[in-house]
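Taking it in order: structure first as structure tokens, then the write-up.
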Amino acid sequence: MIADLAINLSIGVSIFAVALALASQITIWITLKAPQRREISFSGTPVDKRDCQELMTQCHAVHDQLFNRISGVERGVEARVTAKLQKSEDEGKETRRAMHQELTSIGNDVAALKKEAELSNQRACLMDAKIDRLIER
């Protein structure tokens, strides 16, 4: 008998929980589907159109000043970067010119050494030929 009462109580609680869940779902569905009032409220007093136009004119003037300053800064930076690049190019040209002059003088020295070595080889060959003739006699 106590077991039957516990089962009936359990079934009753389960039915109540399902009914409560169903009721909450229906309430949520109705709330979402119901038309909602949306209002926009203004705090303070609205500004007159002339005052707004004056403010817009002032803002445009400030924006123009800022853009002029920005473009001036850009031009200044561009001029400095261009000057630095030109200076680097000029220095590079001077460095290459000096390097070519050094390489030219080294090339001339190597050519002179090559010529001397050839002359020394020719003299050695002539000396060998003379020694061979002396030995043959």
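The values are calculated or read from the model by the stated rules, or taken from the named source; none is laboratory data. For clarity, every value in this text was computed on a predicted model and none was experimentally measured. Positions of Cβ are backbone-derived with ideal geometry, glycine not excepted, and every protein chain shown enters the neighbour counts.
For first residues located in region 50-71 and surrounded by 10 or more Cβ atoms within 10 Å (Cβ to Cβ), partners that are acidic (Asp, Glu) and at pLDDT 90 or above and lie 6+ apart or on another chain with Cβ distances below 7 Å do not occur.
Considered as a group, the residues in region 1-36 that are exposed (fewer than 10 other Cβ atoms within 10 Å of the Cβ) and in a helix (DSSP H, G or I) include one that is modelled with the highest pLDDT, and that residue is Ile30.
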